[in-house]
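Data block below; observations after.
Bear in mind that the values in this text are calculations on the coordinates, not laboratory data. Note that the structure is predicted; figures quoted are calculated from it, not measured. We place every Cβ from the backbone using ideal geometry, glycine too, and count neighbours over all the protein chains shown.
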Amino acid sequence: MTTDARPQSTPQTIEMMVNMGPQHPSTHGVFRMVLQVDGERVTGMESVIGYLHRGTEKLAEGEMYRQVITLFDRLDYLANFNNEHTFVMVTEKLMGVKPPERAEFIRVILLELNRIASHLMYYAAFGADTGVFGTTFMYGFRERERIQAVFEAVSGARMMHNFMRVGGVKNDLPANFDAMMGDLMPVLERGVRECDDLLTTNEIFLERTQGIGVISAADAVNLGLSGPNLRACGVPYDVRRAEPYSIYDKLDFDVPVGARGDCFDRYLVRMEEMRQSLRILKQAMKGLPAGPVMATNVPKGLRPPKGEAFVCTENPRGEFGVYVISDGKDRPYRLKIRGPSFVNLMSLPTMMRNAYIADAVVILASIDIVLGDVDR
Amino acid sequence: MIGALKGLVTTLKTTLRRPVTAQYPQEHMPLQPRYMGFPGLIWDDKVNESACTGCMACARICPTECITVSMKDNPLFKEGKSPRRKTVDHYKLDIANCIVCGLCVEVCNFDAIVMTDQHERGGPSRGGLVIDIDTLHEWGTGYVKRMRAQGIEPTTGSPPWERPGYKPPQAASAGAAPSEPKAQGAATEAKGEAQSK
Amino acid sequence: MTLDTLLDIVLRLVALLLFITVTVLALTYLERKVLARIQQRVGPMRTGPLGLLQPIADALKLLVKEDLMPAKVDRLLFWMAPLVVFVPAFVIWVTIPFTRDLVVRNLDMGIFFIVAVSGLSSAGMVMAGLSSGNKYALLGAARAAAQLISYELPVVFAILAVVMIAGSLDLREIVLKQNVTPYIVVQPVGFLLFVMAGLAELGRTPFDIPSAESELMGGPMIEYSGMHWAMFFLAEYANTFALAALATLLYLGGWEGPVLPALLGPVGNVLWFLIKCYLVIMLIFWVRSAMPRLRVDQLLSLAWKGLLSLSFANLFLTAFYRYMGWPDVVMLVVSLALAAGALYVMARRRRATAAHPSVRLVTREELAR
């Protein structure tokens, strides 16, 4: 008589496909994630991109250099000045033009303001994805609106500025710029502090983000991760320090570096970067020299000599690179964009190993992708 | 628990502040002086003709090819009243395509086009979004008048430092050493030098 | 049962129904306005002056919306599930006293009745999820069921502690016994437990994984639209108000208050009751605006490890205090000590898991090396 009364061995389970489609409320653009889940755990992940592809690189082959700047605004639409700046730097490198000192300072001021604006948007979306209903959105956007008002006063547009030019910038700063920045800086400082107070020490937030989406430094470097995501893993690589461009080697700022490479460290690194950007802004405002804002040896019709050049800069998302091949005409022969978000996306499957479904949203929010950069 | 309480206190502080909402359309957020809306054409009052000569520089530079221009011989030139040989015949601007980049204003050789503050131009039909020359002149002249009434000279083609009466801005702080403009064209190395990484 | 009593009951029920409906509509409006102010914006302003007609617009919209029933659903369960969620939310109001005499029907075991009946709505959630024929709804329903069941126990234990002190299950008695000190002074930990576990029972932030699952996939209510969905929605708000009312009655002293009853008589009592209810509701909205959401496993571990042990401790201490017959002050001190102990344990856990500081600033010199 057998006493083997054990129940059937482990019941059959089927893995489910959960589709977080191109439209979802915790949206960072039109991005589709197909998750393979086993109960609660994510066992596999596939990302589907291309919903925002506009053929920027091909379009650029048919447009003059001056017109290409407008294309670059729209790539990473949260960091417009950074994109324009990189392209303008590449063309300046090809043509051997050096912008005047004042133009460099103006550029850095706008770049750092844009970095703060981009990180505020990150804060807004990240908070919303961890579940705070709308409050982080309002805090982030409240300050962002003020920054965009400054952008509008300088360049004429809140987002698609078309302001940087080969050899300098389009126009000088408005007369009330000092007053505007004097009003803005304390407000930004207070805003960053409030954003910090709301989330950083919140226990629920810590539970949701600490230890989630961990990626090791070795994996990160192998996958080509860059920007605050890489620095959160402990690798102190910042293009502004590693390969200084513009006037960054004259400016005094620190690079925040995390330790564990989880969502919380990525968040903290970005919060700290906002403070460092404020520091840079103060220095740039103080050291702003007088002078012209446009180099005088730039011809009206931009015709870079034959050759190729590559420049990469520190976008709020990571390392943004532009590679241009010129064949002497007034349109680029080939333009290749190294979008940081595109490469950062590659690390998602590694981060999502053994995550819960609810964590998938948080991890996606923490790497801060912008689909304009991914799809170009 | 303490961290959560900190978050609660922060939200309480913001409750006591004025809301940042501007109730559109009753209230409109203020536009900065340099705000770039859709372009408008300028009318030359002294000669009573359009400042535009139809040279198509703007149409050529437009990244989205939203401008259609044609030129004709200027009858006022034959009568000796105007220095412009040609004048604009037809001018159409499709604001459905315009990306308000401002390039057309930059390249205009005659300071005839300006970025106005027109921005709420939605309409029920696509055809209605193609703006003809008379409306463009209305926009342009209206904008210039409004700006001059506020004491602001609207930005047209030539960059500010090429216009008469330009005063370069002073250094931001008194303590900074007055830096003479860096040698222009410092990079006059051979044009053919290709610098690759 | 004479015609008079029947008429009396019917009138009371109709009055209660009207009151609850109006309150629920007002709560939807109030939530949007209060959250908007916390976020430095204005909320609904266009529908009527100051947006006061917004709940009416919402109600009308839901009434005329098409009520879809997908093909593969279990028709009976699908149709009944909103009712199973909705009806208990209203039934518990039958025994909630607004003042000494203003209650539809007071029961000697008022609290017992309320706890028992409100547990039924959990079944409604599971019915909704199971019958929808949608795998996401099923997952959401499973999580909702787990959450709702886990948080019943802390709620009940917190209520039991109050019942022990008052010595009665009758809500009227409990309020009358609070004429010297409201029980929040004697049981601060119990109040916090009650509110936290109650929030989880409601499915509100920070425990709103079932209903804000719509960020990910959609909770058990994913296939509902129109009037069916409106029932879920109304049930949630009616339950919120019920939670606030219970908190007021059990901990805040119910309808007693200083000035108004002397001025306005029983109306003053009703006003005090409503004021206290709305204060608790404001607290609930405030918490919603400032807290992220807990993941399901964190939620469950909080219930079973944290809140349950705390409520056990609270109950045990209350029992001990009653047995010894000490004055109230002792209970207050002991409760505060309990709260301090819980906070200390939490802080210890936090420090153990969080390595401070995890982000350091690397200066230019360090990078050069």
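For the range C:174-307, rounded, prolate or oblate, judged on the Cα gyration tensor with a ≥ b ≥ c (square roots of eigenvalues), a/c < 1.5 rounded, else prolate if a/b > b/c? Could the numbers behind the result be given before it?
Details: a/c = 3.09, a/b = 1.67, b/c = 1.86.
Since a/c reaches 1.5 but b/c is at least a/b, the shape of the range C:174-307 is classed as oblate.
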- prompt: So what's the gap between the Cα centers of the range C:66-128 and the range A:67-85, to the nearest angstrom?
  reply: 56 Å
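Pairs of alpha-carbon atoms within less than 8 angstrom and 6+ residues apart define the contacts here; what relative contact order does the range B:37-152 have, in percent? Show your work: numbers first, answer last.
Details: 213 pairs, mean separation 41.3, N = 116.
So the answer I get is 36 percent.
What is the Rg over Rh value, at two decimals, for chain A, using alpha-carbon atoms and the Kirkwood definition of Rh?
Details: Rg = 22.6 Å, Rh = 21.8 Å.
Computed over Cα atoms, the ratio is 1.04.
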- request: Using the Karplus curve 6.51 cos²θ - 1.76 cosθ + 1.60 with θ = phi - 60°, work out ³J(HN,Hα) for each residue of the range C:133-141 in order, rounded to whole Hz, and write x for Gly and Pro.
  value: x, 9, 5, 5, 4, 5, 4, x, 5
- request: Percent of Cα-Cα pairs per 10 Å bin, from 0 to the last occupied bin, for the range B:1-111, please list those.
  value: 12, 28, 20, 14, 10, 9, 6, 2, 0
field: Loop trypsin sites (Lys or Arg not before Pro), the range B:67-124, which have at most 16 other Cβ atoms in a 10 Å radius of their Cβ (DSSP)
entry: B:Lys81, B:Arg85, B:Arg121
query: Which lysines have a Cα lying under 17 Å from the Cα of B:Lys13, excluding residues fewer than 8 positions away in the same chain?
result: C:Lys33
- prompt: Where the only charges are on Cβ atoms (+1 Lys, Arg; -1 Asp, Glu), what is the dipole of the range C:65-348 about its Cα centre, to the nearest 20 debye?
  reply: 340 debye
- request: Putting +1 on Lys and Arg Cβ atoms and -1 on Asp and Glu Cβ atoms, find which of B:Met115, B:Ile99, B:Gln26 reaches farthest to the positive end of the dipole of the range B:1-119.
  value: B:Gln26
message: Charges on Cβ only, +1 for Lys and Arg, -1 for Asp and Glu, centred on the Cα centroid of chain A; of A:Ser226, A:Cys312, A:Ala360, which one is farthest towards the dipole's positive end?
response: A:Cys312
- line: So the compactness index of the range C:1-64, its C-alpha Rg divided by 2.2 N^0.38 Å, takes the value 1.59
message: For a quick check of your reading of the filter: which trypsin sites (Lys or Arg not before Pro) in the range C:43-79 sit in a DSSP loop and have no more than 13 other Cβ atoms within 10 Å?
response: C:Arg46, C:Lys72
message: Can you tell me which lysines have their Cα less than 17 Å from the Cα of B:Lys92? Leave out same-chain residues fewer than eight positions away.
response: B:Lys72
- prompt: Got a sec? Charge dipole of the range C:65-348, +1 on Cβ for Lys and Arg, -1 for Asp and Glu; which of C:Leu199, C:Phe86, C:Leu332 is way out at the positive end?
  reply: C:Leu332
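Once you charge only the Cβ atoms, +1 for Lys and Arg and -1 for Asp and Glu, what is the size of the charge dipole of the range C:1-64 about its Cα centre, to the nearest 20 debye? Walk me through the intermediate numbers first.
Numbers: 7 positive and 4 negative charges, 108 e Å.
The calculation lands at about 520 debye.
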- prompt: Non-local amide H neighbours of B:Ile131 (under 5 Å, H modeled in plane, Pro and chain starts lacking H): which ones?
  reply: B:Leu93, B:Asp94, B:Ile95
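In debye, nearest 20, what is the charge dipole magnitude of the protein assembly as shown about its Cα centre with +1 on Lys and Arg Cβ and -1 on Asp and Glu Cβ, if you could check? Walk me through the intermediate numbers first.
On the way: 97 positive and 91 negative charges, 263 e Å.
For this selection, approximately 1260 debye.
Just want to confirm a number: the relative contact order over chain C, from Cα pairs under 8 angstrom separated by 6+ residues, in percent.
It comes to 20 percent, rounded to a whole number.
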task: Using a Förster distance of 25 angstrom, determine the FRET efficiency expected from the C-beta separation of C:Asp67 and C:Val22, and round it to 0.05.
output: 0.55
task: Using DSSP to define loop residues, name the trypsin sites (Lys or Arg not before Pro) in the range A:318-375 whose beta-carbon has at most 15 other beta-carbon atoms within 10 Å.
output: A:Lys329, A:Arg353
message: Restricting to Cα pairs below 8 Å that are 6+ residues apart, what does the relative contact order work out to for chain A? Please round to a whole percent.
response: 26 percent
Cα-only radius of gyration and Dmax that characterise the protein assembly as shown, units Å: 33.2, 124
Amide proton proximity set for A:Met45, modelled H, under 5 Å, gap of 5+: A:Gln36
- prompt: Which of A:Val221, A:Val269, A:Val324 moves most in a GNM of chain A, Cα contacts under 10 Å?
  reply: A:Val221
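At 222 nm, what helix-only mean residue ellipticity would chain A give, in deg cm²/dmol to the nearest 500, using -39500 (n - 2.57) for each DSSP H run of four or more? Don't skip to the end; give the middle numbers.
On the way: 15 runs with 177 residues, N = 376.
That calculation yields -14500 deg cm²/dmol at 222 nm.
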message: Assuming a strict under-23 Å limit between Cα atoms, what lysine pair count do you get for chain A once near-sequence pairs (fewer than 8 apart, same chain) are dropped?
response: 26
